[in-house]
1. Put a dot 7 Å past each Cα toward the Cβ at GLN125 and ARG148; how far apart are the dots in nm?
2. I need the Debye-formula profile for the stretch 156-205: one equal scatterer per C-alpha, no solvent, reported as log10 I(q)/I(0) at q = 0.16, 0.25, 0.26, 0.32 1/Å, two decimals.
3. Label-point separation (nm) for LEU199 and ASP48, each offset 7 Å from Cα along Cα-to-Cβ?
4. Pulled fully out, how much extra length does the chain show between GLU181 and LEU115, if you take 0.36 nm times their separation in residues and subtract their Cα-Cα distance?
5. Taking the beta-carbon count within 10 Å as an exposure proxy, list LEU155, LEU147 from fewest neighbours to most.
6. Which order results if CYS78, CYS161 are arranged by neighbouring Cβ count within 10 Å, fewest first?
7. Kindly put VAL165, VAL190 in sequence by how many other C-beta atoms sit within 10 Å of each C-beta, fewest to most.
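Derivation of every value follows stated rules applied to the coordinates shown; laboratory data play no part. Please read these numbers as outputs of a predicted model, since none were measured by experiment. Note: ideal-geometry Cβ built from the backbone for every residue, glycine included; neighbour counts use all protein chains shown.
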Amino acid sequence: MDQTTPTSKLAGAVHAEYRGKRREQILALLAVEPLTLWEAARKLGVFDHQISGVFTALNADGFIVRSGDRRAKPETGCLADVWRLASAAAAIAAGDPAATSTADLLSSLGYPLTLLIDGDLYDRQELLPKEGYPGVPYARRTDQGGLRINVRVELIACPHCGRPVRQVDAATKRYACGRPECYAFSPKHVQEPGRGPMLALIKER
């Protein structure tokens with residue numbers, strides 16, 4: 001921008017850059033752990049109202065969702081929603097250049113660079129902004145022969161924190177994210193009478 005750029009336009013550009021940095025900071029925090037707005041504000045050293053609009057925008061854009069948990073703010077005792085990153089595809093589908101890089105965000109959400117699928121190695125591919133497809137793209141390696149096969153992968157997430165669940169007990173086929181405050185589940189087929197089976201995570205009480 002040059003000397004003839006209107007003051008209002010300059011102010012708007014500064015505000016957009018500032019808001020972008022805040023989005024990046026909040027996404028980076030939520031990639032580590034789910035947080036309430038006041039917890040995020042405390043970590044960033046700002047007041048709640050300074051980032052409430054950013055939380056609203058990130059939710060509207062599909063980057064973050066309510067986890068279903070609520071935590072009380074110590075000073076007021078008021079309950080606040082706990083927010084977490086949305087599924088990997090939704091979290092970066094908007095292609096916001098201010099957000100954490102695609103590669104870093106996918107890794108933080110538990111999507112490794114390489115997966116073993118049905119005995120074949122698949123490498124993670126670039127997730128293009130606004131491509132609109134579900135899941136994360138992987139492609140079968142062809143260095144051992146055979147065809148290149150492109151697939152989309154959506155890892156099953158822990159309902160509490162959103163991290164991928166891994167097998168923790170082969171005998172009972174229990175899966176958990178590994179965080180002590182979360183729970184272990186068993187994937188099973190459940191079925192509504194007269195309809196096809198669904199894949200569910202079951203926690204025995």
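1. For ARG148 paired with GLN125, the spin-label model returns 0.8 nm.
2. The Cα Debye sum returns log10 ratios of -0.47, -0.92, -0.97, -1.23.
3. 3.9
4. Values: separation 66, 0.36 × 66 = 23.76 nm, distance 2.71 nm.
Roughly 21.1 nm would be gained on extension.
5. Values: LEU155 17, LEU147 6.
Ranking LEU155, LEU147 by Cβ neighbours within 10 Å, fewest first, gives LEU147, LEU155.
6. Values: CYS78 10, CYS161 18.
Ordered from fewest to most neighbouring Cβ atoms within 10 Å, CYS78, CYS161 come out as CYS78, CYS161.
7. Numbers: VAL165 22, VAL190 10.
So the ranking, lowest neighbour count to highest, is VAL190, VAL165.
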